[in-house]
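Undergrad: Take this structure, written in structure tokens, and hold onto it; I'll ask about it next.
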Amino acid sequence: MKDLYIEGTKGVFFTPTIRLNAKTGKCEILGESYIEDAPQFYEPILNWIDTYVKEVKGTLTWDFRLVYFNTSSSKTILNLLQTLKNYEKQGGKVVINWYYPDDNDDLLAEGEDFIEDSGLQINLIPYILEDEDEEEDEFTLD
């Protein structure tokens, strides 16, 4: 099974950086997700998860560090979380970390909504955003 890496883009629409590591099970979504057709963008990610749970069956650790996402992205992220919940129901281990700027109550509330809507345990982790223009790649999750 191969890793999946999608470089984030900024333009008319914004796509997040995606890093999915098949060997370690570490998965990251970073940046902004302002996409007209979010289901199409996230389809390779959902396919990667499906392959992972069939072939690898290891622990998946998801780190979300989104600074903005639109409604279409939110619905698709919830679909992704529900896919992870199904894996958990089948005995798979899933760890989900939701990072949000400590001064952004909206992103905290979004994380809380995802907990309620998905039924998953999601760790809500505040961080200090030192520079308003901080790039998502500067925040690397080891």
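The values are calculated or read from the model by the stated rules, or taken from the named source; none is laboratory data. The model shown is predicted, which means the values in this text are computed figures rather than measured ones. Glycine also receives a Cβ, built like all others from the backbone with ideal geometry; neighbour counts cover every protein chain displayed.
Undergrad: Taking into account only those residues within the stretch 29-56 that are of a type outside the set (A, V, I, L, M, F, W, C) and more than 16 Å from residue 74 (Cα to Cα), which is surrounded by the most Cβ atoms within 10 Å (Cβ to Cβ)?
TA: Taking the stretch 29-56 as the starting set, the residues that turn out to be of a type outside the set (A, V, I, L, M, F, W, C) are 31-34, 36-37, 39-40, 42-44, 47, 50-52, 54-55.
Still in the list and also more than 16 Å from residue 74 (Cα to Cα): 44, 47, 50-52, 54-55.
Numbers: 44: 13, 47: 11, 50: 12, 51: 14, 52: 20, 54: 9, 55: 10.
By that ranking, first place goes to 52.
Undergrad: Answer with yes or no whether residue 49 is in a helix (DSSP H, G or I), free of Cβ contacts under 8 Å to residues at least 40 places away in the same chain and closer than 16 Å to residue 86 by Cβ.
TA: Values: in a helix (DSSP H, G or I): yes; free of Cβ contacts under 8 Å to residues at least 40 places away in the same chain: yes; closer than 16 Å to residue 86 by Cβ: yes.
In short, yes.
Undergrad: For residues that are under 14 Å from the mean Cα position of the chain (by Cα) and surrounded by fewer than 16 Cβ atoms within 10 Å (Cβ to Cβ), tally how many sit in the stretch 57-69. Quick ask: steps written out before the conclusion?
TA: Going through the stretch 57-69, the residues under 14 Å from the mean Cα position of the chain (by Cα) turn out to be 60-69.
Keeping just the survivors that are surrounded by fewer than 16 Cβ atoms within 10 Å (Cβ to Cβ) gives 68.
Total satisfying the criteria: 1.
Undergrad: Here is a check on your reading of the model: is residue 52 modelled with pLDDT of 95 or more, touching a strand residue (DSSP E or B) at 6+ places or on another chain (Cβ under 6 Å) and closer than 24 Å to residue 23 by Cβ? Steps first, please.
TA: Values: modelled with pLDDT of 95 or more: yes; touching a strand residue (DSSP E or B) at 6+ places or on another chain (Cβ under 6 Å): no; closer than 24 Å to residue 23 by Cβ: yes.
When the stated conditions are applied, residue 52 does not pass them.
Undergrad: Under 7 Å between Cβ atoms, which residue pairs at least 6 apart in sequence (or on different chains) link something in the stretch 84-106 that is without any contact (Cβ under 8 Å) to a residue 60 or more places away in the chain and surrounded by fewer than 16 Cβ atoms within 10 Å (Cβ to Cβ) with a partner that is of a type in the set (Phe, Trp, Tyr) and outside any helix (DSSP H, G or I)?
TA: What qualifies is 102/127.
Undergrad: Can you tell me how many residues within the stretch 82-101 are part of a helix (DSSP H, G or I) and among the aliphatic types (A, V, I, L, M)?
TA: Of the residues in the stretch 82-101, the ones part of a helix (DSSP H, G or I) are 82-89.
From what is left, the residues that are among the aliphatic types (A, V, I, L, M) are 84.
Of the residues in the stretch 82-101, 1 are part of a helix (DSSP H, G or I) and among the aliphatic types (A, V, I, L, M).
Undergrad: Just to check your reading of the model, which residue among 137, 131, 113, 105 is modelled with pLDDT of 95 or more, of a type outside the set (S, T, N, Q) and more than 24 Å from residue 84 (Cα to Cα)? Quick ask: steps written out before the conclusion?
TA: Values: 137 fails: modelled with pLDDT of 95 or more; 131 fails: modelled with pLDDT of 95 or more; 113 fails: more than 24 Å from residue 84 (Cα to Cα).
Result of the check over 137, 131, 113, 105: 105.
Undergrad: In the stretch 116-128, which residues are at pLDDT 95 or above and in a loop (DSSP other than H, G, I, E, B)?
TA: Taking the stretch 116-128 first, the residues at pLDDT 95 or above are 116-126.
Selection gives 119, 120, 121.
Undergrad: Of the residues 24, 17, which single one is more than 13 Å from residue 114 (Cβ to Cβ), in contact (Cβ under 8 Å) with a residue 40 or more places away in the chain, among the polar types (S, T, N, Q) and surrounded by fewer than 20 Cβ atoms within 10 Å (Cβ to Cβ)? Walk me through how you get there before you give the answer.
TA: Values: 24 fails: in contact (Cβ under 8 Å) with a residue 40 or more places away in the chain.
So the residue among 24, 17 that is more than 13 Å from residue 114 (Cβ to Cβ), in contact (Cβ under 8 Å) with a residue 40 or more places away in the chain, among the polar types (S, T, N, Q) and surrounded by fewer than 20 Cβ atoms within 10 Å (Cβ to Cβ) is 17.
Undergrad: Looking at this structure, is residue 79 in contact (Cβ under 8 Å) with a residue 12 or more places away in the chain, in a strand (DSSP E or B) and of a type in the set (S, T, N, Q)? Write out each step before concluding.
TA: Numbers: in contact (Cβ under 8 Å) with a residue 12 or more places away in the chain: yes; in a strand (DSSP E or B): no; of a type in the set (S, T, N, Q): yes.
In short, no.
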